[in-house]
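Undergrad: Can you keep this structure in mind? I'll have questions shortly.
The values are calculated or read from the model by the stated rules, or taken from the named source; none is laboratory data. None of the values given here were measured: they were computed from a predicted structure. Backbone-built Cβ (ideal geometry, glycine too); neighbour counts: all protein chains shown.
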Amino acid sequence: MYAKARAHTNIALVKYWGKKNQELILPYTDSLSLTLNEFYTTTEVTFNAELIQDSFLIDGQSVDSKNEQKLTHFMNLVRQQSNCSLYATVNSENHVPISAGLASSSSAFAALAAAASKAAGLNLDQTQLSRLARRGSGSATRSVFGGLVEWRKGNDDETSFAVPVDEQVDFGLEMIAILTDTRVKKVSSRSGMQNVVATSPYYPAWQQVVANDMVAMKSAIVKKDINLIGQIAEENAMRMHALTLSAQPSFTYFNADSLVAMSAIKDLRTQGINCYYTLDAGPNVKVIYQHTDRKAILDALSTKFSKQNLVVSLPGPGIEYLE
Ligand code: DP6
């Protein structure tokens, strides 16, 4: 009863920010992301009759009690679905800075959903896997697929899952992650979005923004228009971050270097190099651009950021079963 799977992180171009149902992780809106090849999680799960509880190791370290609770809850879901009553050892290796707005929970729960369901003898199709991953973390719903992926909000557990929009992405779309701080973030996405839904007067407007952006983004993808994709993604991200500033108490995920990075991208645009930015629940900035502009963008950014903090990523694959 052993399986090993890998999932890649995804970065939303049209963001998910708010749950209608906390337990089932049903979102208020649809969302759309790009799965990245550079950041991933590899997870092994072994169910074993001799264990008296689950044990979790992430990058060789045991997890804190909050994460242990989240992970145990998730393993209980797998046990319920599979009628397996055994406990498991879970061993996860991240190729991504954890909790720094690089969407580590997306790859973590997608890889765990795949490895745990397979080890428990469940033979889930991609839709079922996406629904299961969703129960661990909303963004993980999308990491089941590679390339450009849409999470349809649905209205219950059965109807809320991801579908691929363009799994191949053959038009030169790339991302550079500008790492401005890779420490664990102060406000988790979970509590940040809860605070926003409860207190921001702009939340109803956000739902309308996303509905419009989903239509525009899918049309930009069909046209393979990277500038339009970038423009919509940047505007969508800024409107999401405006929600954090309008919450009570207000908060922000930006740090001083996030502002430096955003301004550098805008400067590049005024010089005629098309590039756009997006940020998630952390201060790191991701740049969206066409691969022929990569060198010019890296050259400009490396005058402000050290080379090791500029990570280029191409579109990545969906779930891979390794054993
Ligand atoms: C800003 O998926 O981390 O990255 O569902 O509570 O685990 P939980 O939240 P999470 O939130 C992701 C927020 C985001 C936008 C996105 O990925 O769509």
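Undergrad: All but one of (1) more than 11 Å from the ligand (Cβ to nearest atom); (2) in the same structural domain as Ala120 (by TED's automatic domain parsing) hold for Gly138; state the number of the condition that does not hold.
TA: (1)
Undergrad: Val222 - would you say it is in contact with an Asp or Glu (Cβ under 9 Å, 6 or more places away or on another chain) and away from the ligand (no atom under 15 Å from the Cβ)?
TA: yes
Undergrad: Could you count how many residues in segment 209-257 are in contact (Cβ under 8 Å) with a residue 40 or more places away in the chain, among the acidic types (Asp, Glu) and within 28 Å of Phe305 (Cβ to Cβ)?
TA: Going through segment 209-257 one residue at a time, the tally reaches 2.
Undergrad: Do you know which of the residues in segment 118-130 that are without any contact (Cβ under 8 Å) to a residue 60 or more places away in the chain and in a helix (DSSP H, G or I) is surrounded by the most Cβ atoms within 10 Å (Cβ to Cβ)?
TA: Only one residue tops the list, namely Ser130.
Undergrad: OK, next. Of the conditions (1) more than 22 Å from Gln168 (Cβ to Cβ); (2) out of contact with any strand residue (DSSP E or B) (no Cβ under 6 Å at 6 or more places or on another chain); (3) of a type outside the set (A, V, I, L, M, F, W, C); (4) surrounded by fewer than 16 Cβ atoms within 10 Å (Cβ to Cβ), Gly282 satisfies every one except a single condition; which number is it?
TA: It fails just one condition, (4).
Undergrad: If you don't mind, another one. Anything in segment 131-154 that is small (Gly, Ala, Ser) and under 21 Å from Gln69 (Cα atoms)? List them, or say none.
TA: Ala133, Gly136, Ser137, Gly138, Ser139, Ala140
Undergrad: Would you point out which residue out of Val196, Val165 is in the same structural domain as Leu129 (by TED's automatic domain parsing) and crowded, with 18+ Cβ neighbours inside 10 Å?
TA: Residue meeting the stated conditions: Val165.
Undergrad: Somewhere in segment 271-287, is a residue in contact (Cβ under 8 Å) with a residue 60 or more places away in the chain, out of contact with any Pro (no Cβ under 6 Å at 6 or more places or on another chain) and in a helix (DSSP H, G or I)?
TA: No, segment 271-287 contains no residue that is in contact (Cβ under 8 Å) with a residue 60 or more places away in the chain, out of contact with any Pro (no Cβ under 6 Å at 6 or more places or on another chain) and in a helix (DSSP H, G or I).
Undergrad: Can I ask one more? Could you list, in sequence order, all residues of segment 3-27 that are out of contact with any Leu (no Cβ under 6 Å at 6 or more places or on another chain) and over 18 Å from Leu132 (Cα atoms)?
TA: Scanning segment 3-27 gives Ala12, Lys15, Trp17, Gly18.
Table: residues versus (1) within 16 Å of the ligand (Cβ to nearest atom); (2) under 30 Å from Gln126 (Cβ atoms).
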residue	(1), (2)
Gly272	no, no
Leu279	yes, yes
His291	no, yes
Ile297	no, no
Leu310	no, no
Leu322	no, yes
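Undergrad: Only one of Tyr277, Tyr253 is farther than 21 Å from Lys224 by Cα and surrounded by 15 or more Cβ atoms within 10 Å (Cβ to Cβ). Can you tell me which?
TA: One residue alone meets the criteria, Tyr253.
Undergrad: Still on this structure, please answer the following. Regarding segment 20-28, can at least one residue be identified that is in a strand (DSSP E or B), surrounded by fewer than 14 Cβ atoms within 10 Å (Cβ to Cβ) and within 16 Å of the ligand (Cβ to nearest atom)?
TA: Yes; the residues of segment 20-28 include at least one that is in a strand (DSSP E or B), surrounded by fewer than 14 Cβ atoms within 10 Å (Cβ to Cβ) and within 16 Å of the ligand (Cβ to nearest atom).
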